[in-house]
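The block underneath contains the structure these notes are about, expressed in structure tokens.
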There are 2 protein chains.
Amino acid sequence: MTNQRQKVAVIGSGAIGSYYGGRLAEAGHDVHFLMRRDYHVVHDGGLRVISTDGDFTLTTPQVALSSKEIGPVDWVICALKSTSIKDAQELLRPCIGANTRILALMNGLGLEERFAGWFGPERIFGGMAFTCINRGEPGYIHHLKYGPVTLAHFQNNPVELDIAAALWEQSKVTITTSPSLLRSRWEKLCWNIPFSGLCVAAGGVTTDRIVGDRDLRKTAHTLMEEVIAAGNADLAAKSEQVRIDGLSVIKRMFALTDTMGVYRPSTMIDFIEGRVMEIEAMFGEPLRRAGSLGVNTPQLALLTAILRSLNAQR
Amino acid sequence: MTNQRQKVAVIGSGAIGSYYGGRLAEAGHDVHFLMRRDYHVVHDGGLRVISTDGDFTLTTPQVALSSKEIGPVDWVICALKSTSIKDAQELLRPCIGANTRILALMNGLGLEERFAGWFGPERIFGGMAFTCINRGEPGYIHHLKYGPVTLAHFQNNPVELDIAAALWEQSKVTITTSPSLLRSRWEKLCWNIPFSGLCVAAGGVTTDRIVGDRDLRKTAHTLMEEVIAAGNADLAAKSEQVRIDGLSVIKRMFALTDTMGVYRPSTMIDFIEGRVMEIEAMFGEPLRRAGSLGVNTPQLALLTAILRSLNAQR
């Protein structure tokens, strides 16, 4: 695959979609942003990104109010919140042509399965963004920290994975490819479940409060062990050849979070700002899989029950 | 022990202290209430109790601003919040004579040990009130539901236990005596830990939300099993002859809570009203004991970590 100019549709142009789509536009791709809330502001005033990896502005970004306006593309980047997954099929459909590929740049487990069911498995990719990006005032995106994206193919096809990586080649985004989407999804959950979960359940606190508190740190560790056990059982059940290296992941996740400072996970921001949180994809689905695989995850069960209850009060 | 008129000091005249002390005054005992916040209102206007077991008013209750005013008594009923346990020694001291007995009508584990250390073990009793009593406007107590008290002696001396029961004989309070204070304290925790704990952690909800939600109900069940395992290990370690009958307790606690309706545990009321919650005596001490006894209580650990964090934000 040569590094040709690709037509890209960003479906769900929140902070993540706008930032990564913006980086692709900056790199010369033909990027179209599906927007609702900020359509007029961005259409008239552009998209401004304040970033630790270099600020940039798209002065005349291509924004659309419907997917039909965009039409078929080479790449769909779906950056919807996982709580909107039920709307994804309809939103994506007009952008899907015979050779369209779809990258789910979202949080949680089981999302690519949904896309594969709708559009066929061979064109589906998952993206794990490790970053802190928030919306500012309309038209402004604040990229505060980190930014690398791990890409994986739904069928773990290395040729397809190279094609996905090529899309980002001229961009400022650091790409890592993963030989196993399922393992990478579970490894991401090794961070999200303990840290996003506890940041919410402990009352809407930042990650430094979790790693800095003896009880909460120990609990994060136990939760991570539960996630690793469930993840490895899931990998084994699906006959994948790879496993999560538990000790190494735990060490890495804590080292990372220890140096993260006062960090607000997106789920915690949703919580304190009164928005619905991404609980089912991030907690419910892992818990369901653990349950059906016979893996005992008592802390994940308790945490999920609490988060679901908090979400029901949104 | 004859049913003589006893001099009683109620230390901590919140809802529980005022209600049960009031019932003793109604029964003819010489009851003195140590009050702070409501002293003037109750001194001038009396204490009014609206109760499912019959309203009553003490028109000229004996209220005091200091324990010294009360002096030595036959019985001290300590109904402080367990968060004030550090103040109890000083508050009780002026009321303790050679033959004074002390009833800790409080929530949590390890409180009687403190009283025993200060004043000697032979005079210490624990009271487990199963009831819903709230303060109303100053001078008003609302007794909404239930009311029985289980009494136990710190050294499980049956003669002492009879003396304690005799105090309440002419009162409207239903008394049960327990052959094991430690077992009764743990059995009370079998309700308090899952239900008070989850009512707070799930966002400040009522007990019907816990028993009516599949996830939270299951979690309450698991938590109860952990408390029972820890309690029985504690009873064994202290060479008590009795054990918690787990299946029976679980059945009883759920049956009770299923018929409880929209009930707000006192800890949940503290939470939603922004007050410090009784976390250490009710969650921290059971967790510490479980840990030192080698009993695995992952859900209790997670719940306690969350509650401590919420409490730290009060």
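Structure values in brief
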item	result
Cα-based Rg and Dmax for the stretch B:183-312, where Dmax is the largest Cα-Cα distance (Å)	14.0, 41
Computed Kirkwood radius, in angstrom, where 1/r is averaged over Cα pairs of chain B	19.8
Relative packing of peptides A:171-179, A:10-18, B:260-268 - highest average C-beta neighbours within 10 Å first	A:10-18, B:260-268, A:171-179
Label-to-label distance, nm, for residues given as residue A:90 and residue A:59 (7 Å Cα→Cβ offset)	3.8
Fraction of antiparallel bridges per DSSP, the protein assembly as shown only, in percent to nearest 5	30
Principal semi-axes in Å for the protein assembly as shown [√(5λ), Cα gyration tensor, largest first]	60, 25, 19
Sequence-separation-based contact order of the stretch A:22-63, relative, with Cα cut under 8 Å and 6+ spacing, percent	43
DSSP-assigned coil residues among GluC sites (Glu not before Pro) in the stretch A:240-314, each with at most 12 further Cβ atoms within 10 Å	A:273
Shape of the stretch B:5-60, Cα gyration tensor, a/c cut at 1.5	rounded
DSSP beta bridges in the stretch B:7-179 [antiparallel fraction, %, rounded to 5]	30
Coarse-grained scattering of the stretch B:7-179 at q = 0.14, 0.19, 0.20 Å⁻¹, given as base-10 log I(q)/I(0) from a Debye sum over alpha-carbon atoms	-0.66, -1.29, -1.44
Sequence-separation-based contact order of the stretch B:106-252, relative, with Cα cut under 8 Å and 6+ spacing, percent	17
Pairwise Lys count, chain B - Cα closer than 17 Å, eight or more residues apart or different chains	6
Heavy-atom accessible area ranking, 1.4 Å probe, most first, across B:36, B:289, A:93	B:36, A:93, B:289
Probe 1.4 Å, protein heavy atoms only - accessible area per residue of chain A in square angstrom	40
Fraction of accessible area attributable to carbon and sulfur, chain A (%, probe 1.4 Å)	50
FRET efficiency, residue B:172 to residue B:255 (Cβ-Cβ, R0 35 Å, nearest 0.05)	0.90
Nm distances between copies for residue B:86, ranked from closest, using label points 7 Å along Cα→Cβ	5.1
Average other protein chain Cβ within 10 Å of Cβ, residues A:296-304	6
Averaged over B:215-223, number of beta-carbon atoms from partner chains that fall within 10 Å	4
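The values are calculated or read from the model by the stated rules, or taken from the named source; none is laboratory data. Since the model is a prediction, treat every value here as computed from it, not as a measurement. Quick reminder, even Gly has a Cβ in these numbers, built from the backbone with ideal geometry, and neighbours come from all protein chains shown. Remember, those area values only see protein heavy atoms, side chains included, never the ligands or the DNA or RNA. Shrake-Rupley method; radii C 1.70, N 1.55, O 1.52, S 1.80 Å.
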